[in-house]
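The values are calculated or read from the model by the stated rules, or taken from the named source; none is laboratory data. Quantities reported herein were computed from a predicted structural model and do not represent experimental measurements. Positions of Cβ are generated from backbone atoms using ideal geometry, with glycine treated the same way; all protein chains shown enter the neighbour counts.
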Amino acid sequence: MRHTADDSPKLLALRALKLGDLLVAVPALKGLRRGFPEHRIMLASPGWLAPIVQLVDAVDELLPTPGLDEPLPFAPGDIDVAVNLHGSGPESRGRVDELGARLTIAHSTPEHPDGVPWIDGLHERERWTRLVAAYGLPADTDDLSIAVPEAPPLVGGAAIVHVGAFYGSRQWPVGRFARVARALAEDGLRVVVTGGAQDRERARAVARAGGVPEEDVLAGRADLAEFAAVVARASVLVTVDTGAAHLASAYGTPSVVLFGPAPPEEWGPPADGPHRVLTDAALRRGEAFAEQPDPALLAVTADEVVAAARSLLHSARGELSSQ
């Protein structure tokens with residue numbers, strides 16, 4: 001994060017969502033920074049995202065905001081520019097309108113038809129850069145990089161098998177993750193298994209079945225900044241569609257991303273980066289909050305994932321040898 005004088009005019013961007021949601025909004029935040037260089041840019045997002053927000057040089061301050069239940073803590077007129085990067089519904093628009101800003105940047109709603117029309121099916125990075133660009137702000141959809149944490153990673157150059165998934169619809173089977181972990185380890189890579197604290201037992205099960213030592217289970221042990229550092233310096237990441245995938249996109253880390261209920265056309269990594277998307281769109285149910293894995297996710301086999309990871313690693317080694 002950068003810093004401005006306390007008397008600078010304030011710009012507040014609302015994005016009270018999760019890690020991946022923050023990272024797809026980075027290009028739009030950078031557009032806001034370019035368009036309002038003298039403003040103090042505040043991001044209203046959950047406080048637990050602070051270690052990653054600190055790596056976004058377009059943001060000056062995080063305003064911990066766990067959701068939309070409470071008004072934002074400003075008197076009308078305190079905020080000069082208010083930006084709704086959260087959505088287009090009445091709840092988020094209401095919170096932004098309460099600020100009484102000189103300028104509000106938002107999608108149109110039935111109550112506010114003068115905003116930018118919402119278009120279904122856009123990639124999320126494009127959705128938000130399109131919004132700010134409509135107000136004359138220079139935003140680049142591909143400008144999604146963030147800084148690397150200064151602390152050295154817990155593990156450098158590892159193959160990451162990320163088993164985390166908040167909902168059952170995105171939980172690829174433990175046995176398949178284990179087969180991927182074992183195959184990459186047999187290729188001579190150090191494999192680490194990652195996830196959140198809630199994924200700890202699932203990660204340990206993958207490690208046991210995949211022959212990964214207990215000390216290389218980082219799920220529940222690495223904090224968010226440490227996890228970002230490991231992703232930034234990894235050789236390859238295997239994950240379902242989660243915040244981990246968006247970290248890999250931000251760092252240009254080779255990644256194999258398995259999609260279930262969400263379409264990669266809206267949430268996938270950059271098409272021109274070192275990334276591979278695996279899914280079966282014909283089987284997708286699209287029930288994000290379902291308890292069982294989406295059929296589009298279950299259609300992806302361990303052999304397909306291993307082949308994709310090996311292809312990315314081969315390409316990366318070829319690029320290094322040519323330099």
Report, by residue number, each residue of segment 186-241 that is farther than 20 Å from residue 152 by Cα, outside any helix (DSSP H, G or I) and polar (S, T, N, Q). 239
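Per-residue answers, yes or no, for (1) in contact with a Gly (Cβ under 8 Å, 6 or more places away or on another chain); (2) in contact (Cβ under 8 Å) with a residue 24 or more places away in the chain; (3) over 30 Å from residue 230 (Cα atoms); (4) buried (at least 16 other Cβ atoms within 10 Å of the Cβ):
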| site | (1), (2), (3), (4) |
| --- | --- |
| 11 | no, yes, yes, yes |
| 19 | yes, yes, no, yes |
| 73 | no, no, yes, no |
| 79 | yes, yes, yes, yes |
| 92 | no, yes, yes, yes |
Can you name every residue in segment 272-323 that is modelled with pLDDT of 95 or more, polar (S, T, N, Q) and part of a helix (DSSP H, G or I)? 311
Residue in segment 7-27 that is within 22 Å of residue 148 (Cβ to Cβ) and among the polar types (S, T, N, Q) present: no
Odd one out for residue 139, checked against (1) free of Cβ contacts under 8 Å to residues at least 40 places away in the same chain; (2) surrounded by 15 or more Cβ atoms within 10 Å (Cβ to Cβ); (3) in contact with a Gly (Cβ under 7 Å, 6 or more places away or on another chain): (1)
Condition check for residue 43: closer than 21 Å to residue 115 by Cβ and touching a helix residue (DSSP H, G or I) at 6+ places or on another chain (Cβ under 7 Å): yes
Of everything in segment 73-94, what is more than 23 Å from residue 125 (Cβ to Cβ) and touching a strand residue (DSSP E or B) at 6+ places or on another chain (Cβ under 6 Å)? Give them in sequence order. 79, 80
Looking at (1) touching a residue at least 60 places away in the same chain (Cβ under 8 Å); (2) surrounded by 21 or more Cβ atoms within 10 Å (Cβ to Cβ); (3) of a type outside the set (Ser, Thr, Tyr), which one does residue 122 not meet, given that it meets all the others? (2)
